[in-house]
Amino acid sequence: MTNTSTLRFPPHVLREYALLADGERGAVVGPRGDIVWLCAPRWHDPSVFSALIGGRGAFQLAPEQPFVWGGSYDGASMIWRSRWVTTDGIVECREALAFPADPHRVVLLRRVHALDRPTTVVGCVEPRGGYDEQPMTDLHRHGDVWTARIGSLYLRLTGAGDARARDGRSRLELALHLDADERHDLVLELSDRQLPDQPPEPDGAWRATEAAWAEAVPAFDHTLNPPDTRRSYAVLRGLTSSTGGMVAAATTSLPERAEAGRNYDYRYAWIRDQCYAGQAAAAAGDTQLLDAAVDFVSARILDAGDKLAPAYTVTGAAVPDQCTLALPGYPGGADIVGNWVNDQFQLDAYGEALQLFGAAAAAGRLDSVHHDAIATAVSAVASRWHEPDAGMWEIEPRAWTHSRLSAAAGLRAVAVIPEQRGESAERSALADRIVADTSTHALHPSGRWQRAADDPGLDAALLLPPLRGALPIHDPRSVTTFHAYLDALTRNGYAYRFRHDERPLADAEGAFLLCGFLVALTHHRLGNAVDARGWYDTTRAATGPAQLFSEEYDAVQHQMRGNLPQAFVHALHLETAATLSAGTSADPTVEEGTS
């Protein structure tokens, strides 16, 4: 038996991780075949593989010999193929979460292939439930199949009959000896319900997963760089549950800046992010993600009224309170689950929802339930737009300029819906009133927008309202704000949110990739095609081999920072790729009297 004591799970830089996703959960896989993150059965449930954030739980499968690593997705899917060049030959491992998914049952497929020469692949399986606190129990072998329990979860591993139990039967170690061109399948199932009598048949599961992904992702041949566009769409589809809810990211606690206290749990569906994804889908001509966003956001608004939470679980439940785990964490961070955002009011979430509904109306995708949600959201804006809110960046409550202008953009978006014509004048008038009031209190002496009435600073969030129709893109306030932002908050082709202090921008936080795409879209709308393409190309390149975007990018070290993949960055990439390919577009219709 090979000595597997060398099979450890040290953290890798984020650019080296890939994601397997099926809409209901995601598995993070590293360059050594180490699956180091997986929550079961759904995104917000406790992890069973926690090595990414310092736990022991993982599922590794890699060549015994020294190797160099590479990898790529199979086309426009979330099927990942690790490729290891060893001292003797080439080994590949194809892996995926079976798709379409069962919300109650994880099916993880791994197929290892010795391409050209005999080889030995070694591995270990050590699931630990409850964020690494619950080891396997009741472990039994039945021929080629192992079964066990992990807390309340049922486990079944097929294809590992020769594995050996270690560490009090909480861990399985295996060695697979493969002939040239031989393949071997491992199938891991985890469920909160009794498992079916028979495990999945690997060939059938692979065929179904391949076919489902081929059907799920449009060609997007009309966009810039269609393969990259399809990749972002596949990521967004992989993050979107059968409920329509899309998680902001697959992970928790990956630090945005080492030891800076910015570690968050993003395994929940943010209203704002979901709206960005829906609007991006609409811009690209897709209705699948657009409908999912409209349905999920509508349901939340109709349930909450004027007390809409910023985020929910994908099942529509409340986000749990934030707490800290007893784990070491990814280097530079601390392990956190839950999110304190559940106590915030974010006015811009209503504005983004109304903008989403406007985009859906233009695509002919609204029904009577959605129209009821529009009325509810408009009423909430009318009653609460003057209140302080936490804003796009979820910080201290203020009368944030972006939040108010976002609300105005949303009102304008639904004012032109034919079915809402009876309310058009009133909604347009309210939008005018919000813009005028904001201009009175939050216009900088230089003629640009400032962050808030009591904060004269600049903010990347201020680029969004003109793009969404709160006021014309060529409005002097919009143009002056954009040029001031470029001068103050961009460096070397990368965009930042706002200035934290007097340090150089890159010392305070990473470049914010969402903002890079906003700059590209603004240049495009202003007719600056060359600048728009330059910003698009620089920002879309800020990834690793798996083409996953994180929230931030360290432009000095050229490293990804924060949770991954970050859904709203992929959404803005999709929108930018679709919009820039269409040529310079006219301003959206804006009512007179917005000055």
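The values are calculated or read from the model by the stated rules, or taken from the named source; none is laboratory data. Every value quoted in this text rests on a predicted model; they were computed, and no experiment measured them. All Cβ positions, glycine included, derive from the backbone under ideal geometry; neighbour counts span all protein chains shown. Surface accessibility is based on the protein's heavy atoms, side chains included, excluding ligands, DNA and RNA. Shrake-Rupley method; radii C 1.70, N 1.55, O 1.52, S 1.80 Å.
Here the spin labels are modelled as points 7 Å beyond Cα on the Cα-Cβ line, and at HIS140 and SER379 they lie 5.7 nm apart. Against the chain, whose longest principal axis comes from its Cα atoms, helix 476-489 is set at around 40 degrees.
You can think of it this way: the chain between ARG117 and TRP393 has 94.1 nm of extra reach, that is 0.36 nm per residue less the Cα-Cα gap. As a length-normalised measure over Cα pairs under 8 Å and 6 or more apart, the relative contact order of segment 405-506 settles at 24 percent.
If I take R0 = 30 Å and measure r between the Cβ atoms of HIS12 and SER242 in this structure, what FRET efficiency does the formula 1/(1 + (r/R0)^6) give, to the nearest 0.05?
For HIS12 and SER242, the calculated efficiency is 0.45.
Shown is the FRET efficiency for ASP197 and ASP221, computed with R0 = 56 Å from the Cβ-Cβ distance and rounded to the nearest 0.05: 0.80.
Give the shape of segment 228-340 as rounded, prolate or oblate, defined through the alpha-carbon gyration tensor: a ≥ b ≥ c are the square roots of its eigenvalues, a/c under 1.5 means rounded, and otherwise the shape is prolate if a/b is larger than b/c and oblate if not. Verdict is oblate for segment 228-340.
Measuring how big the chain is from its alpha-carbon positions, Rg and Dmax come out at 24.5, 79 Å.
Using the 1.4 Å probe convention, the accessible area of the chain works out to 35 Å² per residue with neighbouring protein chains retained.
The amide H of GLN559, built 1.01 Å from its N in the peptide plane, has ASP554 as neighbours under 5 Å, considering only residues 5 or more places off or on other chains. With a point put 7 Å past each Cα toward its Cβ, work out how far SER581 is from ALA211 in nm, to one decimal. Those two pseudo-labels are separated by 2.8 nm.
When only Cα pairs below 8 angstrom with a gap of at least 6 residues are kept, segment 1-114 shows a relative contact order of 21 percent.
For the chain, the mean residue ellipticity at 222 nm estimated from helices alone is -10000 deg cm²/dmol, where every DSSP H run of n ≥ 4 contributes -39500 (n - 2.57) and the total is divided by all residues, rounded to the nearest 500. Fully extending the segment from SER152 to ARG166, taken as 0.36 nm per residue of separation minus the present Cα-Cα distance, adds 2.9 nm. Note on segment 324-353 and segment 86-112: Cα centroid distance 30 Å, given to the nearest whole angstrom. Computed over protein heavy atoms with a 1.4 Å probe, the carbon and sulfur contribution to the accessible area of the chain reaches 49%. Longest stretch of the chain clear of exposed loop sites (GluC sites (Glu not before Pro), DSSP loop, at most 13 other Cβ atoms within 10 Å, sites excluded): 1-258. Projected label points at TRP340 and ASP537, each 7 Å from Cα along the beta carbon direction, are separated by 4.3 nanometres. Note: relative contact order over the chain, using C-alpha pairs below 8 Å and six or more positions apart, is 13 percent. Taking all protein chains together, THR481, THR243 sort by accessible area into THR243, THR481, largest first [probe 1.4 Å].
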